[in-house]
Structures are given as C-alpha cells and as structure tokens.
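Report on the following structure.
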Amino acid sequence: MADVAHASSNAPAPKPAPHVKDNAIIRFENITKRFDKVVAVDTVNLEIKEGEFFALLGPSGCGKTTLLRMLAGFETPTEGRILIDGKDVAALPPNKRPVNMVFQSYAVFPHMKVSDNVAYGLKMDGVAAPEIKTRVSEALELVKLGGLGDRMPDQLSGGQRQRVALARALVKRPRVLLLDEPLSALDAKLRDQMRSELTSLQEKVGITFIMVTHDQDEALAIATRCAVMNRGVLAQVATPADLYEFPNSRFVADFVGSVNMFEGVLEKDEPNEAHVRCPELAATVYLDHGVTGARGSTVWVALRPEKIEMHKRPAGSSAMKMEDAPQGANVVAGVIRDIVYLGSETNYEVELEGGRRVKTFRSNLTRYDQEDFTWDEPVWLAWHACSPAVLLS
C-alpha cells in the first residue's frame, strides 16, 4: 500500500486516447497456469478496454509472456476463463480467435517476397485474390512499406522486417493485436523511432494492442495503461504516470525507473503532514500529506533521483532549507563519489555520513553544466515535501 496524495503530483495527465472505449474487450477471470509444480500465472483477474494500448510489464519469469500466450491460444489455462467480447475462448484454437500475434523474432518467411509474407494468412483463410491484393496494398501503406512488396526479407532493415510482421498481422483485421517484446531486436535509435510509429499506428487502426515487455521505458512511452507482474501475480495496474509517481509497493517502485529506497519509522501521520525517521538519513523526511499508516510502523521512503536537488553549501550558512519543509527536514549533506555524464543529463552518486550512497540526476541545461560539480566535493541534497512516496509494503 502506498501514500494517497495524488493531488500533490507533478505527473502529466494520462495521454489522450479518444479511441479507447468503456467496454472491456478482454477479461481474464481467475486465470492460473501451472507447469508441473511451478505456478507461472497465479489467479490473475484483469480487464482490458477496447482500443487500449496495454502493456504487460515485468522481469523475466514473472508470467507476462505466459499470460499473453494463453490469450493467443498457444497455452491452455490450468484454471479460470479468458473472455474476448464476452465469449470464453479457452476451447478455440489460435486461428479461430479474433487476435493476431507479432513475435519477438518477427517470424518473417525468408523465401517469400514482402507481399507474399503479408498475404500468407489471407491465402490460408481462402480469401479471394482481388481482395487479397487490395488488403495487402492497404496494409503495406499503413506500415510505410508501400512500393516494397516485391523485395525479399534479406533486402530489408530490421525495422522494415518488423513492419512486415505488423502488416501480416494487421491485414487479417484482428480485434486484438498481440506484441511479444516487439522492439527488443532493434538498436537504440531505431527502437525510439519505432515506439513513436507503433503509437501512431495503433491510433490509426484503433484496435486494441497488448504488448509484453521487460523494458519499463518502452512501456511508459507507449502504453495507455500497464500491468506490472511479479512471480505470476499482478503487482499493480495503472497508467504510466501513476505507476511511476504512485507505486503501491517497493517492488513496483524499484522496477519502474530508478529510485532511492530508505527504510524508516513513521513518527507522525496527520491528514496534512507526515514525518518519517530514516536511520540512513541525518534528516527527517517531511511530507505535505498523510500516508494512512500506524504511528511507529516500519515504512519505506521511495525518492526518485530526478526529484533530488543538489546544491553547493551556501557561504556563511549552516545549511540550505527547502521552503515547504521545516528547518532541518528534507536536507542532507554528502560528498560526490561518482559522476556519469550521459549528454542530456549527468548522474551523481553522493555518499552520506554513514556510507549510504544516494543517486541524483541533473539535466545539462547548458554546455558547461557538467563542470559545476566534481568528484569528492561536499554538497547538500534536498527534496520537496511532495516528492517522496511512502510505501507500507
């Protein structure tokens, strides 16, 4: 359970998605999957709305791919039901379900031209040749491969081969498109480009996309909603902004993005403020809202690196002070022990008294920002009262 003050967040509003409808196109009802004694998916209940770009996110072995494969029909649930448009599809083979899947490897047939790859599923379904030609042409235009139908797969780039796989799935006009780690085989720049193209494509066709990924940046950038899985169960289902700003557990806070986590004791909890004492910090953590916890209970303070300000100690002053916190709260002294320059930002590790290291990020607003701080320099770290998340589990 996490703190409850959504009103204090600076997170952006969820991305507009006018094509998302209120009805649930997919329902997982008490879905469990066992492989011998291993429980891969454990009593999952989840609704996905029509028109959503939904991400199943989690570390390797968390059950996300197994859940996707059960939806596709490649695995059978041990218990529970999977409904698409209100119909239980458990007894249907993959080719009879209103879904299509783009595999991680793309699975493009190397001996077929691009147009034949895209047409393959329609030919298997017995669609008439004139209609196949029209639909293949439309699908290739949709994924920006118009005019490349006569090429062979080995004449295409990695990004173009992925588009072929997308066109082959979309040409059958499925109700739901399933994407298994769709960008993992691409280099970093192409991955960024394809994120944008996937989002635009989904908005154009307006159908439900469900993506499996272990890359939290990918999920946050693309999805309208995400489900974080851990050891076969749903840890949290929320919009990307809420996952990042309001994690409901230490696992989610640690998995989604970078975070500094401090164990502490809740010393005061009132509707408009809370105080947490953390042994690793030589300062009280002050929050401008309550956290719905019991006084004296163990809690964890999650503080994102970009929410920590770093300052040189002002001359003639005992310490700096955050305006929205009492004197001595939310401010600690330390020494810079590591600096990593990443172009748009610089990452610092600051060692506090007692040895704990804290990560903080600074955007490089000018070409000389990286020279502002140096190794072994004493600094002050500070954060606003609305910045930390206090977690009870």
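The values are calculated or read from the model by the stated rules, or taken from the named source; none is laboratory data. Remember, predicted model here, so these are calculated numbers, not experimental data. Because the Cβ atoms are built from the backbone with ideal geometry, glycine has one as well, and the counts that use them run over all protein chains shown. Areas reflect the complete protein model, heavy atoms only, side chains present, ligands, DNA and RNA absent. Shrake-Rupley method; radii C 1.70, N 1.55, O 1.52, S 1.80 Å.
Annotations
- Being out of contact with any strand residue (DSSP E or B) (no Cβ under 6 Å at 6 or more places or on another chain) and either under 21 Å from Leu220 (Cα atoms) or at pLDDT 90 or above (or both) is a condition met by at least one residue of segment 305-314.
- Filter result (farther than 19 Å from Gly158 by Cβ and touching a strand residue (DSSP E or B) at 6+ places or on another chain (Cβ under 9 Å)) within segment 102-127: Gly121
- Residue count, segment 340-373 (criterion: outside any loop (DSSP other than H, G, I, E, B), over 16 Å from Met261 (Cα atoms), of a type outside the set (Asp, Glu) and open to solvent by 70 Å² or more (accessible area, probe 1.4 Å)): 2
- Selection from segment 60-77 of residues that are farther than 13 Å from Val233 by Cβ and not aliphatic (A, V, I, L, M): Ser60, Thr65, Arg69, Gly73, Phe74, Glu75, Thr76, Pro77
- Any hit, segment 199-208, residues being on the phi > 0 side of the Ramachandran plot and surrounded by 18 or more Cβ atoms within 10 Å (Cβ to Cβ): no
- Failed criterion for Gly355 (all others in (1) at pLDDT below 90; (2) out of contact with any strand residue (DSSP E or B) (no Cβ under 9 Å at 6 or more places or on another chain) hold): (1)
- Test: residue in segment 284-296 that is open to solvent by 60 Å² or more (accessible area, probe 1.4 Å), within 30 Å of the chain's Cα centre (by Cα) and of a type in the set (Asp, Glu): yes
- Screening the candidates Val259, Val228, Val237 for the property of being under 12 Å from the mean Cα position of the chain (by Cα), within 26 Å of Lys359 (Cα to Cα) and modelled with pLDDT of 95 or more yields one hit, Val228.
- Qualifying residue in segment 83-92 (condition: more than 17 Å from Ile25 (Cβ to Cβ), open to solvent by 20 Å² or more (accessible area, probe 1.4 Å) and touching a Pro at 6+ places or on another chain (Cβ under 8 Å)): no
- Segment 16-34 - residue that is modelled with pLDDT of 95 or more and either basic (Lys, Arg) or in contact with a helix residue (DSSP H, G or I) (Cβ under 9 Å, 6 or more places away or on another chain) (or both) and, of those, nearest to Val176 (Cα to Cα): Ile26
- Within segment 45-76, considering residues that are among the basic types (Lys, Arg) and either within 14 Å of the chain's Cα centre (by Cα) or in a strand (DSSP E or B) (or both), the one surrounded by the fewest Cβ atoms within 10 Å (Cβ to Cβ): Lys49
Yes/no per residue for (1) at pLDDT below 90; (2) over 19 Å from Phe262 (Cβ atoms); (3) assigned to a strand (DSSP E or B); (4) among the β-branched types (Val, Ile, Thr):
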| position | (1), (2), (3), (4) |
| --- | --- |
| Tyr286 | no, no, yes, no |
| Val291 | yes, no, no, yes |
| Ala302 | no, no, yes, no |
| Ser318 | yes, yes, no, no |
| Glu323 | yes, yes, no, no |
| Gln327 | yes, yes, no, no |
| Arg337 | no, no, yes, no |
